[in-house]
Amino acid sequence: MSEVAPEQTIWEVLRGALATRALGIVAGLRIPQALAAGPRPVGDLARETGADADTLHRLLRALASEGIFAEEERGVFHNTPASELLLTSGWDDFAVLFGGVWYDTVGRLDASGKAAFPAVFGSDFWAWLAEHPEERARFDRAMAQGSDTRIERLEAVDWRDGETVVDVGGGNGSLLAELRKAHPGLRGIVFDLPETTRDESLFGDGLEFVAGSFFERVPEGDVYLLGTILHDWDDASATKILRTIRVSAPEHARLVVLDAVVPPGNEPFGPKWLDLLMLAMFAGRERDEEQWRTLLAAGGFEPVRFDERLIEARCRS
Ligand SMILES: C[S@@+](CC[C@H](N)C(=O)[O-])C[C@H]1O[C@@H](n2cnc3c(N)ncnc32)[C@H](O)[C@@H]1O
């Protein structure tokens, strides 16, 4: 393994905020889309997007040094496989969120253990999204990104025909709709706040949307799916969510949690960084196996399986 110089390691981290912001700006200007048909001079791109040409050139040059876009002759850029990823719905939304609302929030992260979002935006993230429908739609599209990978993970679960799966905090319902394509014998309930942006054509014929709060009541089902929900909340709130589910869950019900189980050690693992985003946004957290065991027990469940990104549990009697 080649050694990285300490200066290089520190530099990569120091400039991280600039890369996040630069990507957010160009994604917001839809530069990947503007380059979809082939190379273009930065002057054209600037005119079309209303950006300052010199600034746009500098943003694209910096990103091109990381393989996101390429400058083929002075001031003329084309897409690369990395920038083409931003042509797909979800990745471009993530780029704008990371480089915008989340960037502003992370800029206020400190060592107090408190969420920074309310201090910057004046309310919690969910209430703010309810007031900003465009951002809500962006967030829902971003969350739906990567559903293929999540469906693959869910294949480890024993799905049984006739069972009702409640996707608690199921967002726009795309994950449950995909799961039912693979397992058409399942019935599905997507449970979330009323303001999620949904494709209503997904619903009907065995899949319904129920609006509500998982701090109050959830529908009855055989399987409760929690896809990246519990990492949004601190232990006290996450325990409340689990207890709400436990009240509605029949004894035989199973809990399927799509969240990371942070491994010990120093290896790179994306959720070690997402953990800090959860902290800044919600005072939430990613958890290791011991923390999951404690949380599940407090919520009335016991684990039966831990994978790196999936946990299964049953009701404690
Ligand atoms: C990180 S997203 C996960 C969405 C989806 N499960 C997925 O994996 O893509 C968290 C979801 O929790 C929902 N949520 C937040 N507070 C809620 C509440 N009190 N009751 C029900 N859903 C809530 C949000 O609207 C959002 O859709």
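Check 153, 136 and return the single one that is open to solvent by less than 30 Å² (accessible area, probe 1.4 Å), within 20 Å of the chain's Cα centre (by Cα), charged (D, E, K, R) and within 12 Å of the ligand (Cβ to nearest atom).
Residue meeting the stated conditions: 136.
For region 244-276, what are the residues that are more than 20 Å from residue 164 (Cβ to Cβ) and more than 19 Å from the chain's Cα centre (by Cα)?
Of everything in region 244-276, those that are more than 20 Å from residue 164 (Cβ to Cβ) and more than 19 Å from the chain's Cα centre (by Cα) turn out to be 263, 264, 265, 266, 267.
Scan (1) hydrophobic (A, V, I, L, M, F, W, C); (2) within 13 Å of residue 23 (Cα to Cα); (3) open to solvent by less than 60 Å² (accessible area, probe 1.4 Å) for the single condition residue 126 breaks and write down its number.
For residue 126, the exception is condition (2).
Consider residue 66 against the criteria (1) in contact with a strand residue (DSSP E or B) (Cβ under 8 Å, 6 or more places away or on another chain); (2) assigned to a loop (DSSP other than H, G, I, E, B): it satisfies all of them except one. Which criterion is unmet?
For residue 66, the failing item is (1).
Since residue 220 meets every condition but one in (1) touching a residue at least 40 places away in the same chain (Cβ under 8 Å); (2) outside any helix (DSSP H, G or I); (3) open to solvent by 20 Å² or more (accessible area, probe 1.4 Å); (4) within 14 Å of the ligand (Cβ to nearest atom), which condition does it not meet?
Unmet for residue 220, out of (1) touching a residue at least 40 places away in the same chain (Cβ under 8 Å); (2) outside any helix (DSSP H, G or I); (3) open to solvent by 20 Å² or more (accessible area, probe 1.4 Å); (4) within 14 Å of the ligand (Cβ to nearest atom): (4).
Please verify whether residue 296 is closer than 18 Å to residue 105 by Cβ and surrounded by 13 or more Cβ atoms within 10 Å (Cβ to Cβ), treating the condition exactly as stated.
Spelling it out, it is not the case that residue 296 is closer than 18 Å to residue 105 by Cβ and surrounded by 13 or more Cβ atoms within 10 Å (Cβ to Cβ).
Taking region 242-253, which residues are open to solvent by 20 Å² or more (accessible area, probe 1.4 Å) and within 12 Å of residue 296 (Cβ to Cβ)?
243, 246, listed by residue number.
Is it fair to say residue 239 is open to solvent by less than 60 Å² (accessible area, probe 1.4 Å), in a helix (DSSP H, G or I) and in contact with a Phe, Trp or Tyr (Cβ under 7 Å, 6 or more places away or on another chain)?
no
Restricting attention to region 220-264, which residues are over 21 Å from residue 158 (Cβ atoms) and touching a Pro at 6+ places or on another chain (Cβ under 9 Å)?
Of everything in region 220-264, those that are over 21 Å from residue 158 (Cβ atoms) and touching a Pro at 6+ places or on another chain (Cβ under 9 Å) turn out to be 231, 248, 260, 262.
Does region 256-274 include one or more residues that are touching a residue at least 60 places away in the same chain (Cβ under 8 Å) and open to solvent by 10 Å² or more (accessible area, probe 1.4 Å)?
no
Among the residues of region 84-106, how many are in contact (Cβ under 8 Å) with a residue 60 or more places away in the chain and open to solvent by 60 Å² or more (accessible area, probe 1.4 Å)?
Total meeting the criteria: 3.
Could you give every pair whose Cβ atoms fall below 8 Å, whose first residue belongs to region 158-177 and is part of a strand (DSSP E or B), and whose second residue is among the polar types (S, T, N, Q) and within 9 Å of the ligand (Cβ to nearest atom), counting only separations of at least 6 or pairs across chains?
none
In this structure, is residue 226 under 20 Å from the mean Cα position of the chain (by Cα), over 22 Å from residue 117 (Cα atoms) and not in a helix (DSSP H, G or I)?
Judged against the criteria, residue 226 is a match.
From the set of residues in region 74-83 that are part of a helix (DSSP H, G or I) and free of Cβ contacts under 8 Å to residues at least 40 places away in the same chain, which is least open to solvent (accessible area, probe 1.4 Å)?
Per the criteria, the residue is 82.
Might you let me know whether region 203-212 holds any residue that is at pLDDT 95 or above, within 15 Å of the ligand (Cβ to nearest atom), assigned by TED's automatic domain parsing to the domain that holds residue 304 and in a loop (DSSP other than H, G, I, E, B)?
Taking every residue of region 203-212 in turn, at least one turns out to be at pLDDT 95 or above, within 15 Å of the ligand (Cβ to nearest atom), assigned by TED's automatic domain parsing to the domain that holds residue 304 and in a loop (DSSP other than H, G, I, E, B).
More than 27 Å from residue 145 (Cβ to Cβ), out of contact with any Asp or Glu (no Cβ under 8 Å at 6 or more places or on another chain) and not in a helix (DSSP H, G or I), is that true of residue 71?
Yes; evaluated as a whole, the condition is true for this residue.
Can you find a residue that is more than 16 Å from the ligand (Cβ to nearest atom) and β-branched (Val, Ile, Thr) anywhere in region 99-121?
Within region 99-121 (the criterion being more than 16 Å from the ligand (Cβ to nearest atom) and β-branched (Val, Ile, Thr)), the answer is yes, since at least one residue qualifies.
Kindly evaluate residue 195 against the criterion of being of a type outside the set (A, V, I, L, M) and within 12 Å of the ligand (Cβ to nearest atom).
Answer is yes for this residue.
The values are calculated or read from the model by the stated rules, or taken from the named source; none is laboratory data. These numbers were taken from a predicted model, which means no experiment stands behind them. Heads up, the Cβs are rebuilt from the backbone with ideal geometry, glycines too, and the neighbour counts pull from every protein chain shown. Surface accessibility is based on the protein's heavy atoms, side chains included, excluding ligands, DNA and RNA. Shrake-Rupley method; radii C 1.70, N 1.55, O 1.52, S 1.80 Å.
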